[in-house]
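**Q** The structure follows.
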Amino acid sequence: MGLFERYLSVWVGFCIFAGVLLGYLYPAAFQQIATLEYAHVNLVVAVLIWIMIYPMMVQVDFAAVKDSGKNPRGLILTLVINWLIKPFTMAALGYLFFKVFFAGWVDPQTANEYIAGMILLGVAPCTAMVFVWSQLTKGNPNYTLVQVSVNDVIMIFAFAPIAAFLLGINDITIPWKTLVLSVVLYVLLPLLAGAITRKLMGGRIDGLLSALKPWSMIGLLATVVLLFGFQAGKIIDNPMAIVLIAIPLLIQTYGIFFIAYFIAKRMRLTHDIAAPACMIGTSNFFELAVAVAISLFGLNSGAALATVVGVLVEVPVMLSLVAFANRTRHWFEPK
């Protein structure tokens, strides 16, 4: 395991602190970056997300997708959690907390934006960080690749309709053009670029991935700095908003994991398939969620803040779930 993976929570925590500090000290610089956009897509964020996602997409092997039917149970679990359960529980929790429990603390417009950000997180299953979680739980790397590959293909077609449906029932206007553009920009094009790269590189692909890995890390950390820099004013002026958003996100993350983990045990999956399957079903493609939130609602919106809080919550929570999965490995051993 590399230095980045071993101290992932430390690096992300440092970048969160750095982003808030820089955003507070130099707000004009971040405001200038915020103006660099085309069709409501921030160009700097787009470049950083591409730097981060592209190496992960190069790892997606479409040939492996064809073999997924040979051992479908873990794949079925991931797909059911990702597309039939998680988006809807996220929307329900968002509505319950911000329209009922926290209704007296948050104005209706801001509540709608918080719910929208949560929905975008819930509809975006994790792509990049899954490989880290799988490695940390000693998951089957080939099967993890299949799960990610199939989810990426489904995401191309399912993300926009499900997001639009859930946003619509929460009385939020749906700019379809921006939503579809974001899926194309952050999922379809990187996926195609990765497939073309694999074909062109052939047997040299491992060397290329090794060379690209540092850039993926740079993209991740720089994105975290930038996103928290954009939201620095809100975070410092209204820290209670971070707490309010984090509460339903924590309930969602732990709840979804334990539902998936229980089902995986009942299905008698092996641990090297069960653990990554549950991690994929639990974690979020926050890069996509953040990008779409910014595109739909703006850099300084409540939706963007909610997705950024998702970044804040996800890393420490997922590391705690990795530790839990490793401690309960014996639950999945044959008796």
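The values are calculated or read from the model by the stated rules, or taken from the named source; none is laboratory data. No experiment lies behind these values; they were computed from the predicted model shown. Neighbour counts run over all protein chains shown; Cβ positions are idealised from the backbone, glycine included. Heads up: the accessible areas ignore ligands, DNA and RNA and are worked out on the full protein's heavy atoms, side chains in. Shrake-Rupley method; radii C 1.70, N 1.55, O 1.52, S 1.80 Å.
**Q** In whole percent, and with a 1.4 Å probe on the protein chains, what portion of the accessible area of the chain is carbon and sulfur?
**A** Carbon and sulfur: 69 percent of the exposed surface of the chain.
**Q** Still on this structure, please answer the following. For the modelled label position 7 Å from the Cα of Val47 along Cα-to-Cβ, which residues of region 196-214 have backbone nitrogen atoms closer than 20 Å?
**A** 212-214
**Q** Which value, in Å³ per residue, describes the convex hull spanned by the Cα atoms of region 236-335?
**A** 93 Å³
**Q** Using only the Cα atoms of region 225-286, what do you get for the radius of gyration and for Dmax, in Å?
**A** Final numbers for Rg and Dmax: 16.4, 49 Å.
**Q** Which three lengths, in whole Å and largest first, does region 84-160 cover when its Cα atoms are put on their principal axes?
**A** 48, 28, 18
**Q** Take the Cα pairs of region 148-295, get the Kirkwood Rh, then feed it into Stokes-Einstein at 20 °C and 1.002 mPa s and tell me D in µm²/s.
**A** The estimated diffusion coefficient comes to 116 µm²/s.
**Q** Please go through region 261-326 and write out the trypsin sites (Lys or Arg not before Pro) that DSSP classes as loop and that have at most 12 other C-beta atoms within 10 Å.
**A** Taking region 261-326 and a limit of 12 other Cβ atoms within 10 Å, the loop trypsin sites (Lys or Arg not before Pro) found are Arg268.
**Q** Which one, Met267, Val309, Leu227, is farthest towards the positive end of the dipole of region 221-334 when Lys and Arg carry +1 and Asp and Glu -1 on their Cβ?
**A** Result: Met267, furthest along the dipole toward the positive end.
**Q** Next up: Positive end of the dipole of the chain, charges at C-beta (+1 Lys, Arg; -1 Asp, Glu), about the Cα centre: which of Pro190, Leu145, Leu84 has its Cα farthest in that direction?
**A** Result: Leu145, furthest along the dipole toward the positive end.
**Q** Per residue, how much accessible area does the chain show when a 1.4 Å probe rolls over the protein heavy atoms, in square angstrom?
**A** It amounts to 43 Å² per residue over the chain.
**Q** If you line up the Cα atoms of the chain on their principal axes, what length do they span on each, largest first, in Å?
**A** 54, 44, 37
**Q** Moving on to the next point. Sort out for me the Cα centre separation of region 201-219 from region 108-133, rounded to whole Å.
**A** For region 201-219 versus region 108-133, the Cα centre distance is 27 Å.
**Q** In the calculated pair distance distribution of region 285-335, what percentage of Cα-Cα distances lie above 11 Å?
**A** 70 percent
**Q** How big is the dipole moment of the chain about its Cα centre under a simple scheme where the beta carbon of each Lys and Arg is +1, that of each Asp and Glu is -1, and everything else is neutral? Debye, nearest 20, please.
**A** 1040 debye
**Q** Let me ask something else about it. For region 178-237, how big is the tail of P(r) above 12 Å, as a whole percent of Cα pairs?
**A** Every Cα pair in region 178-237 considered, those over 12 Å come to 77 percent.
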